[in-house]
Amino acid sequence: MKRTNLVLIGMPGSGKSTVGVVLAKRLSLGFVDTDLVIQAREGRPLQATVDALGYEALRDIEEQTLLELAVERHVIATGGSVIYSEPGMSRLAAHGVVVHLDVPLDELVRRVGDFSLRGIAMRPDQSFANLFAERRPLYAQHAQHTIDCQGLDLEQVCQQIIAVVDR
Ligand SMILES: Nc1ncnc2c1ncn2[C@@H]1O[C@H](COP(=O)(O)OP(=O)(O)O)[C@@H](O)[C@H]1O
Ligand SMILES: O=C(O)C1=C[C@@H](OP(=O)(O)O)[C@@H](O)[C@H](O)C1
Ligand SMILES: [Mg+2]
């Protein structure tokens with residue numbers, strides 16, 4: 001793996017944060033979750049930033065965070081909205097292999113539950129299903145590898161990622 005980071009992208013609930021930390025342990029890489037960087041920077045939960053400043057402001061803060069992120073040999077768990085930032089995605093791709101965790105809509109709904117509390121950077125009038133349809137092609141377009149996570153447990157998702165990035 002020449003580009004030394006391993007970048008996970010995908011919908012909220014696809015497992016970027018959960019899989020990311022296990023993967024980092026398995027591969028002896030560092031781990032950073034850009035959502036946690038943003039929360040620490042803002043000094044409040046993501047949902048509070050969306051409530052106070054709006055979802056577009058969260059996307060701007062996310063872009064800034066991606067542009068300032070300087071890590072090597074890390075698994076990077078991103079927030080689901082990163083694919084709206086072309087400069088952010090370019091920077092991530094320049095220094096890492098980008099992997100899309102593709103999880104079916106019904107499984108995401110089951111995992112996320114009440115998505116209105118999760119700080120998702122989406123238009124207030126938009127449904128989760130509509131957001132899924134809008135974003136899925138964008139994740140696929142920005143990823144070097146897409147993992148079909150349907151029916152896979154955490155361990156199996158990690159194994160599949162390791163198999164594709166080892167190639
Ligand atoms: N096979 C699986 N892979 C990853 N996460 C899973 C899986 N099955 C259930 N989950 C659960 O789904 C949720 C994924 O959430 P999270 O890792 O925060 O996703 P993201 O960071 O992509 O929003 C966690 O609660 C995790 O325990
Ligand atoms: O998809 C989104 O719009 C977002 C998902 C969140 O991260 P997760 O994908 O880790 O849930 C977080 O980055 C932010 O609140 C926006
Ligand atoms: Mg996450």
In debye to the nearest 20, the charge dipole size for the chain, taken about the Cα centre with +1 at each Lys and Arg Cβ and -1 at each Asp and Glu Cβ, equals 440
Relative contact order, percent, of the chain when contacts are C-alpha pairs under 8 Å separated by at least 6 residues?
35
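What accessible area per residue comes out for segment 5-160, rounded to a whole number of Å², with a 1.4 Å probe?
On the way: 7340 Å² over 156 residues.
Spelled out: the 1.4 Å probe surface of segment 5-160, per residue, equals 47 Å².
Quantify, in whole percent, the carbon and sulfur part of the accessible surface of the chain (1.4 Å probe; protein heavy atoms only). Could the numbers behind the result be given before it?
Working: 4170 of 8240 Å².
That fraction is 51 percent.
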Calculate, axis by axis, the spread of Cα positions in the chain along the three principal axes, and write the results as whole Å, longest axis first.
42, 34, 25
Quick one: the Cα spread of segment 109-149 along its three principal axes, in angstroms, biggest first?
30, 20, 15
Along Cα→Cβ, 7 Å out, is where each label goes; now give me the distance between the ones at ARG3 and SER116 in nm to one decimal.
3.8
Spatial separation of Cα centroids for segment 134-167 and segment 53-79, in angstrom:
20
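Applying 1/(1 + (r/R0)^6) with R0 = 41 Å to the Cβ-Cβ distance of GLN126 and ARG26, what FRET efficiency is obtained, to the nearest 0.05? Spell out each step's value before the answer.
Numbers: r = 36 Å, r/R0 = 0.87.
Efficiency at R0 = 41 Å is approximately 0.70.
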Find which of LEU117, ALA133, VAL99 sits farthest along the positive direction of the dipole of the chain, computed with +1 on the beta-carbon of Lys and Arg, -1 on that of Asp and Glu, about the Cα centre.
VAL99
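The values are calculated or read from the model by the stated rules, or taken from the named source; none is laboratory data. All of these numbers come straight from a predicted model, not from anything done at the bench. Backbone-built Cβ (ideal geometry, glycine too); neighbour counts: all protein chains shown. Calculation scope for accessible area: heavy atoms of the full protein, side chains included, ligands and nucleic acids excluded. Shrake-Rupley method; radii C 1.70, N 1.55, O 1.52, S 1.80 Å.
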